[in-house]
Amino acid sequence: MIFANPNYLDLLLILIPMVGAYIYKLRKSQASLRVSSSAPFKMEGKTSLLVYLRHVPFVLRILAVALLIVALARPQSTDNWSSSSTEGIDIMLAMDISGSMLAQDLKPNRLEAAKDVAASFINGRPNDNIGLVVFSAESFTQCPLTTDHTVLLNLFKDIQSGMIEDGTAIGLGLANAVSRIKDSHAKSKVIILLTDGSNNAGEIAPVTAAEIAKTFGIRVYTIGVGTKGEAPYPFQTAFGIQYHNIPVDIDEPTLRQIAATTGGQYFRATDNASLKEIYSEIDQMEKTKISVQEFSKKQEEYMIWAFWVFALLLVEVLLRNTILRNIP
């Protein structure tokens, strides 16, 4: 038996002052009469049963209050068994936050679209350790591997383009993600690298970082974000923000090579829908292996307790108005 509202059981403590008040009132109501001899008042045989029964209404009321409190706590019957085995997957997200991620071929822009889709991906992976690395000309860890996805999702909100020097250091971002996941004891280690450009910064070449990932048994999925051709990009001018089309330059050969080297796969996202489909496909390919056998049954039991409360109060009322009725 479990209780949906176990805190209500603390109310059982009020029974203590109720009993104390009854005893005090009982003693105070005892009348006294001074006589020279008590012999005429001595009764033969046993004390009348009614003398003992006069406490029954109070006992019934105490029981009714106790059962009422139990009913308020919502007792529930439960009968369940389960057995499960889980093979955990550790996933590092490496996200490009360079200035070009503000292009609006994805809505509202590439960066915000990538954040929204990644957040949905995280919500669908409750059993996995997931971390986040961001990069532009430099790279840093926004969140290490964690199962506390609430914290991770809150950190996603703080990601903005311009947080660090502008540029696109794909190799450095990938290497940082590798360093964060390489010591993991999970049987499957995955990096999802998302970028919209070509490597133009950082001391580590993307292919070198891919070789390092392969050494540690890390699989890398690469995503190129951007429409084919040109995309509108916001420019700050003296007359406010204006939009100009700029060429979309994604180094797809390098991204394909990174994926092929590590046993992953390359994807191209040209709009919000295709980006969602990519994450969905990765989610299916890297689904956590779970074998669960579970049976569960939960049923509310407060009604039977409420019935007994009503029954006890009814008996109390009947006794007080029949065989235990007080005569003024």
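The values are calculated or read from the model by the stated rules, or taken from the named source; none is laboratory data. Just so it is clear, the structure is predicted and the values come from calculations on it, not from any experiment. Positions of Cβ are backbone-derived with ideal geometry, glycine not excepted, and every protein chain shown enters the neighbour counts. What goes into the accessible areas is simple: the full protein's heavy atoms, side chains included, and nothing from ligands, DNA or RNA. Shrake-Rupley method; radii C 1.70, N 1.55, O 1.52, S 1.80 Å.
Overview of results
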{"item": "Selection count, the stretch 129-152, where residues are in a loop (DSSP other than H, G, I, E, B) and surrounded by fewer than 21 Cβ atoms within 10 Å (Cβ to Cβ)", "result": "4"}
{"item": "Some residue of the stretch 26-45 being assigned to a helix (DSSP H, G or I) and modelled with pLDDT of 85 or more", "result": "no"}
{"item": "Residue within the stretch 175-191 that is without any contact (Cβ under 8 Å) to a residue 40 or more places away in the chain and closer than 18 Å to ASP249 by Cβ present", "result": "no"}
{"item": "Filtered residues of the stretch 153-175 (kept if in a helix (DSSP H, G or I), modelled with pLDDT of 95 or more and open to solvent by less than 30 Å² (accessible area, probe 1.4 Å))", "result": "ILE170, GLY171, GLY173, LEU174, ALA175"}
{"item": "Residues (open to solvent by 10 Å² or more (accessible area, probe 1.4 Å) and not aromatic (Phe, Trp, Tyr)) located in the stretch 114-128", "result": "LYS115, ASP116, VAL117, ALA119, SER120, ASN123, GLY124, PRO126, ASN127"}
{"item": "ASP166 being under 24 Å from the mean Cα position of the chain (by Cα), acidic (Asp, Glu) and farther than 12 Å from LEU93 by Cβ", "result": "no"}
{"item": "Of residues in the stretch 176-186 being of a type outside the set (A, V, I, L, M, F, W, C) and not in a helix (DSSP H, G or I), the one modelled with the lowest pLDDT", "result": "HIS185"}
{"item": "Residue pairs meeting the criteria (Cβ under 6 Å; at least 6 apart or on separate chains; first more than 20 Å from GLU277 (Cβ to Cβ) and β-branched (Val, Ile, Thr), in the stretch 91-119; second open to solvent by 30 Å² or more (accessible area, probe 1.4 Å) and not in a strand (DSSP E or B))", "result": "ILE97/SER161"}
{"item": "Pair list, Cβ under 8 Å, 6 or more apart: the stretch 262-274 residue in a helix (DSSP H, G or I), other residue of a type outside the set (Val, Ile, Thr)", "result": "THR262/ALA210; THR262/ALA213; THR262/LYS214; THR262/ARG219; ASN272/LEU106; ASN272/LYS107; ASN272/ALA113; SER274/ARG268"}
{"item": "Check on ALA260, at pLDDT 90 or above, touching a strand residue (DSSP E or B) at 6+ places or on another chain (Cβ under 9 Å), among the hydrophobic types (A, V, I, L, M, F, W, C) and surrounded by 16 or more Cβ atoms within 10 Å (Cβ to Cβ)", "result": "no"}
{"item": "Selection status of ILE282, open to solvent by 20 Å² or more (accessible area, probe 1.4 Å), at pLDDT below 95 and either under 28 Å from ALA205 (Cα atoms) or not polar (S, T, N, Q) (or both)", "result": "no"}
